[in-house]
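Notes for the one structure printed next.
The values are calculated or read from the model by the stated rules, or taken from the named source; none is laboratory data. Bear in mind the structure is a predicted one, so any value in this text is a computation, not a measurement. Positions of Cβ are generated from backbone atoms using ideal geometry, with glycine treated the same way; all protein chains shown enter the neighbour counts. SASA here: full protein model, heavy atoms, side chains in, ligands and nucleic acids out. Shrake-Rupley method; radii C 1.70, N 1.55, O 1.52, S 1.80 Å.
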2 protein chains.
Amino acid sequence: MKIQAYDISKTASAATLIFDAIRQAIITGDLAQGEPLRQEDIARAFNVSRIPVREALQKLEQHGLIVSQRYKGAVVAGLSLEEATEIFEFRALLEPEVIRRAVPHMSPQVLQEAARCCAAFGNAEDPMQWGDLNRRFHTTLYAASGLAYHLEMLNKAMDRIDPYLRAQLLLSDGMQRANREHLMIVDACKSGQADKAADLTRQHILGAQESLSRHWQK
Amino acid sequence: MKIQAYDISKTASAATLIFDAIRQAIITGDLAQGEPLRQEDIARAFNVSRIPVREALQKLEQHGLIVSQRYKGAVVAGLSLEEATEIFEFRALLEPEVIRRAVPHMSPQVLQEAARCCAAFGNAEDPMQWGDLNRRFHTTLYAASGLAYHLEMLNKAMDRIDPYLRAQLLLSDGMQRANREHLMIVDACKSGQADKAADLTRQHILGAQESLSRHWQK
DNA sequence: GCTTCCCATTTTGGATACAATATACAATCA
DNA sequence: TGATTGTATATTGTATCCAAAATGGGAAGC
């Protein structure tokens, strides 16, 4: 077999593509909270019928990114300070354990990739990349844990607060501190100090939560 | 207003009703793992078109209760020992913290309801009720935590392993031990010992996990 | 007999059409 | 004028129909 083959059945369905596009728009903040999402409009924009659009919207609702009411349509979900706080607490519970279990299985490639994220993070030109790199840094390290279920839950939790994290990175010292803490975490991982990495991760999250609470405005 | 009114808009849609029915059938074990779910059959059974059925199936897939492949249909999801173990670990991480935070807010009514679950659990005639009562016992206590997001995640995790928990309760000493541990947990809650309740909950879960591993067969 | 290919059937994905419900505005009456 | 009711429009929920893909079985070839 000479050609680069891949499983065609894994090719995204229309619904998946729409889901990804809207999800991206929400977590980057392009779609503000409360923004209504009309099936017909979206269908026209993607040149499909409303059926796959409805599938995408349903998936988005399951992820907590939108809220929809029967016969009334869907809007981009908002987030109260209380809800945001709870999601940070959720992360603070899971992520330390995940990284603790991941450290012993981190390959040099993984550590290198994490370091690359840090570097790119440090001298990224576009602030919009910060959010992506931050996300990639964490998921790269966590992947080694092999805890697929935990990671799935974490990803959804991250999606939920992503727009707020991006806003926070734009604060005066938000990005610097995140970068500093990332470097400490990856150092702990490199030296195999699982518990230290877990503790740093926990503080990284709680620090972000505290910063978010302080600058909350809605 | 003289007539007994209620919010009609809260009436479930066809898709929701179908989702609930199939979910129930899966977590009680009526639908065994690997069982195929054909849209046409389900639609006929509920006397609706395939559209709401498809929505229900999508929701079930997002809950992890079924797995579906493009153009190939859906089957009831199976669970490997590794996946089951991870879900127990997930619960063991969340539930102790949830109950710890719930204890200070437990009203007498909540404690009474939990006690009622224990009593009913103790002398239930139908083993099929055990699973329901077990579920209700935990959710009752946890509800006081106010951690809506955590509870939502936990509910999905519980759904995933529910059929296996029910099977385990049927084991010789499964139900007795569960009942004993439930009583200890509710006692700790009554006396306001949050940390003790958390620890008992953790051991309750890890014990169940260990029992499941021992009797695993597939 | 075994394999391979082709085609018919089954089943799912998606488009179009229609029904049910919400929302906004006009019309009516006190 | 103000409230209330009828009506039109917009939007979502569902049914029906068609297209695309998978599955299974039989015929042709070795």
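What to note about this one:
- Every residue from region B:50-83 that is within 8 Å of DNA strand C (Cβ to nearest atom) and loosely packed, with under 12 Cβ neighbours inside 10 Å: B:GLN69, B:TYR71, B:LYS72
- Residue satisfying condition, being facing another protein chain (nearest Cβ under 10 Å), of a type in the set (S, T, N, Q) and within 16 Å of DNA strand D (Cβ to nearest atom), within set B:GLN39, B:GLN69, B:GLN62: B:GLN69
- Residue in region A:126-138 that is away from chain B (no Cβ under 11 Å), open to solvent by 60 Å² or more (accessible area, probe 1.4 Å), closer than 25 Å to A:LEU212 by Cβ and outside any helix (DSSP H, G or I) present: yes
- Close pairs from region A:61-85: first closer than 17 Å to A:ASP30 by Cα, partner within 9 Å of DNA strand D (Cβ to nearest atom) and open to solvent by 40 Å² or more (accessible area, probe 1.4 Å), Cβ under 6 Å, at least 6 apart: A:ALA74/A:SER68; A:VAL75/A:PRO36
- A:HIS105 being within 14 Å of another protein chain (Cβ to nearest Cβ) and closer than 24 Å to B:LEU93 by Cβ: no
- Any hit, region A:192-208, residues being over 18 Å from A:LEU93 (Cα atoms), surrounded by 21 or more Cβ atoms within 10 Å (Cβ to Cβ) and not assigned by TED's automatic domain parsing to the domain that holds A:GLN33: no
- Only listed residue being within 22 Å of B:LEU147 (Cβ to Cβ) and modelled with pLDDT under 95, chosen from A:ASP159, A:ASP126: A:ASP159
- Within region A:139-187, the set of residues being of a type in the set (Val, Ile, Thr), under 19 Å from A:LEU200 (Cα atoms) and surrounded by 20 or more Cβ atoms within 10 Å (Cβ to Cβ) comprises A:THR140, A:ILE185, A:VAL186.
- Of all residues making up region A:139-165, the number that are within 14 Å of chain B (Cβ to nearest Cβ) and small (Gly, Ala, Ser): 4
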